Amino acid sequence: MKKHFLFFLLASLIYPIVVTAQWVQTPIVTNPGTVNSLHSEGSNIAAASWGVSISTDNGTSWRTTSFTHETGSVLLNNNTIFAGTRENPPAGIFKSSDLGITWSQTSINDRIINAFAKTSSAIFAGSNTGEIYKSTDNGETWTQSTLVNFTPDIIFTLAVSGNTVFAGVRFGGVMVSTDNGNTFTQTSLMNNLDVNAIAVSGNNIFAGTNFEGVYLSTDNGLSWNQTAMNSESVQTLLISGNKIFAGLYNGGLKYSTNNGASWLQTSLVSDFVYSLTSSIGTLITGTFSGALISTDNGASWSQSNLSFNSINAITTKNNLVFASKGGTGVYVSSDNGATWNQTIGPAAYSLASNSTRVYAGAYNGIFISSNNGTSWLQTGVIAQARYVAVNDNYAFAGYHGIWRGNLTGNPWIQTSFNGGVVTSLTGQGSNVYAGTENNGVYISPDNGVTWNQTSLNDKTVKSIVVNGSSIFAGTLNFGVYYSSNNGTSWVQTSLNNRTINSLAVRGQFIFAGSEGDNNFYVSSDNGSTWTLMNAGMEQSTIHSLALSDNFAFAGTTEKNIFRLPLGLVGVQQTASEIPDKFSLSQNYPNPFNPSTNINYQLRINSFVSLKIFNVSGKEVARLVNEMQNAGSYSVHFDASNLASGIYFYKIEAGEFKETKRMMLIK
């Protein structure tokens, strides 16, 4: 049997070869992405989704700003952009005084912001936890408004008329303030309604609701009447000239010229419409499929060149690569990213996989696909389960708390975790690892039943990977931390002054994706040294990482997905022909100091686990833990951090199990 072997070099000789490799952008579908919010001021238009973009020419062209976080609301005020994030962290209100070149966080920094509005003298913000805030100094300071005799749980929308401010809330209809936002009281529109949108013109106040269409009040909210639109879910409202436009959930855009007595469908008939604004004779609508522009008051629409291409998450399963893109859903590739197909899946914030299922964490819960994305089942967790992970026994979902479900999803139970906001999640064996906002890393040794805070206890941890008893934590602003003893103690690695959004591990190699231009690093010595490998992808923040057998995939905030051949890094398939049996070879060299190679063969596609144990039976390294195609493989094992002695390496691939002994002599 003829084989085409790739020979492996010691780690110290690998880098000169690897750093010449080029990242290549993959041709994922360029759906422009969901536009969550729009706001205009003169010829300037701000658009929010997975970041903020700005147009200074009435929507003809767009510029991506330096703000790349998930954003649910945006406001322009005297050339200052305000952005309300949906991420936590970073939560709250950010502002830019130079149209998006630089940004700073305001004192509202610990909650999700859904809505903005402004009067001539104040700016207002509504939160996902029911507060309304007011600023009279362009966002420098904020005061909380008083809500009289009612405490809503979510503020969905805000609107103003003169110094009167209206708030649409969840399960509470419309609230009104007649003193420029200092105090709010409920109007008569209550009835447990979700009010997603409000538009005001003179004495007419329109309220768009979930499932009950549009209501109208002509007396400042004292009384309300349902319009002829009485069953749709309305996401946004806009008054332009003599028309009131209503953007619908999966119903396109409708309008009325008689205050809602009747409604007509525009030529935009079948999209999800989330936001509307007008700018000097131009209407702009934000949809599931990007931004559309009309210059004839809604009679016809054209696609703008606004695009949000952030890749939120990537995972691999068998020979497939899954990616969640912006607000457009989950894509799948069966040819290492050469081509992509969109699934009918959720707008996922995170992805995880095992040998049989793919898990997606989204705003409306956890979704699971057991047929490679052909269909998705929404499971019982309906909290904002941003982060999803699987270990050998269970699936886990985390954000404000951590839930555990069986590998098919249901039933879900909330665990005892009380470490604050979850910002990353992973699992190995029966262990679960949670990164948190400002509270570091927590570990559960018993599938989430109990939790212990590690000594890394004061950082925001955006990514965690585990390799045996070694843990790597990517943090906000402080780089990568490393623990060699399952979290008992930590050291800061030499990559120490950057925000690390994503980590991946393959054998002794650690991959780190960061914010900024210098964005992808590799270490083979537990973070003591790092090599920058960003040729071909110099100007894009990495949001997510995943590894297949032969490629590293990087999801970026602006330029979709890039892939890099792993070459000699870590595990590499060494023969193109399929072996006729499973086998595990003796490591070579043996004895060794400090590194050796372990070769094995897979007769069929298998989920492979390759672990290193000491003489006491304690796992000291996990070199492989993934689905691999049939073929011949080699793993380079570096034992620099281990003491001299006898060690055992064990492979499990389906029903094939074998253990061999090796000796480390220093």
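Just so it is clear, none of the values below were taken in a lab; they were calculated from the coordinates. Source: prediction; values computed, not measured. Reconstructed Cβ throughout: ideal geometry from the backbone, glycine too, with neighbour counts over all protein chains shown.
Helix content alone sets the calculated 222 nm mean residue ellipticity of the chain: runs of n ≥ 4 DSSP H residues at -39500 (n - 2.57) each, divided across all residues, give -500 deg cm²/dmol. Close amide H partners of Asn312, meaning residues 5 or more places away or on another chain with modelled amide H under 5 Å apart, are Ser324, Lys325, Gly326. In this calculation the C-beta distance from Ser300 to Asn641 is compared with R0 = 51 Å, giving a FRET efficiency of 0.20.
Over 29 Å between Cα atoms, which of Lys325/Lys581; Lys317/Lys657; Lys317/Lys462; Lys317/Lys581; Lys317/Lys666 qualify? Violating the 29 Å limit, Cα to Cα: Lys325/Lys581; Lys317/Lys666.
Placing dummy labels 7 Å off each Cα toward the beta-carbon, the span from Glu658 to Ser188 is 8.2 nm. Ignoring lysines fewer than eight residues from Lys134 along the same chain, the ones with Cα atoms less than 24 angstrom from its Cα are Lys95, Lys118. Taking amide H atoms as placed 1.01 Å from N in the peptide plane, the amide H of Ser502 lies under 5 Å from those of Gly513, each 5 or more residues away in sequence or on another chain. Rg over Rh for the stretch 348-503 works out to 0.96, using Cα positions for both radii and the Kirkwood form for Rh. Over the chain, the alpha carbon radius of gyration divided by the compact-protein estimate 2.2 N^0.38 Å works out to 1.03. Projecting the Cα positions of Val321, Gly405, Gly427 onto the charge dipole of the stretch 309-565 (unit charges on Cβ atoms of Lys, Arg, Asp and Glu, taken about the Cα centre) puts Gly405 furthest along the positive direction. Straight-distance candidates among the lysines for linking to Lys618, with alpha-carbon spacing under 16 Å and chain neighbours fewer than 8 residues away dropped: Lys650, Lys660. Extending 7 Å from the Cα toward the beta-carbon at both Asn629 and Asp458 defines two label points whose distance is 4.9 nm.
Just how far, in whole angstrom, is the stretch 248-282 from the stretch 585-632 if you go by their alpha carbon centroids? Centre-to-centre (Cα) distance: 60 Å. Using only Cα atoms, locate the centre of the stretch 142-162 and the centre of the stretch 467-482, then give the distance between them in Å, rounded to an integer. That distance is 40 Å. Considering the stretch 36-144 at the alpha-carbon level, its Rg and Dmax are found to be 12.5, 38 Å. Hydrodynamic estimate: the Kirkwood radius of the stretch 495-546 over Cα pairs, inserted into Stokes-Einstein at 4 °C and 1.567 mPa s, corresponds to D of 118 µm²/s.
Placing +1 on the Cβ of every Lys and Arg and -1 on the Cβ of every Asp and Glu, with no other charges, gives the chain a dipole of roughly 1560 debye about its Cα centre.
Remind me, relative contact order of the chain in percent, using alpha carbon pairs under 8 angstrom and six or more residues apart? For the chain, the relative contact order is 9 percent. When only Cα pairs below 8 angstrom with a gap of at least 6 residues are kept, the stretch 263-391 shows a relative contact order of 14 percent. Sorting 188-197, 578-587 by average packing, meaning the other beta carbons within 10 Å per residue, from highest down gives 188-197, 578-587. Legend: calculated FRET efficiency, Lys243 to Lys650, from the Cβ-Cβ distance at R0 = 56 Å, rounded to 0.05, equals 0.20. In order along the stretch 560-566, phi translates into HN-Hα couplings of 6, 10, 10, 10, 9, x, 6 Hz, rounded to whole numbers, per the Karplus curve 6.51 cos²θ - 1.76 cosθ + 1.60 with θ = phi - 60° and x for Gly and Pro.
Using 0.36 nm per residue, how much length does the chain from Ser616 to Gln25 gain when fully extended, once their Cα-Cα distance is taken away?
208.1 nm
With θ taken as phi - 60° and the Karplus curve 6.51 cos²θ - 1.76 cosθ + 1.60 applied, the whole-hertz 3J(HN,Hα) list for the stretch 336-343 is 6, x, 5, 9, 9, 10, 7, 8 Hz, x standing for glycine and proline. At q = 0.10, 0.19, 0.23 Å⁻¹ the log10 of I(q)/I(0) for the stretch 80-162 amounts to -0.22, -0.81, -1.16, computed by Debye summation with a single uniform scatterer per C-alpha, solvent ignored.
Would you mind counting up the charge near Phe211? Only other residues with Cβ under 9 Å from its Cβ, with Lys and Arg at +1 and Asp and Glu at -1.
After counting each charged neighbour, the total is -3.
For the stretch 155-204, the spread of Cα coordinates along the three principal axes comes to 27, 21, 17 Å, biggest extent given first.
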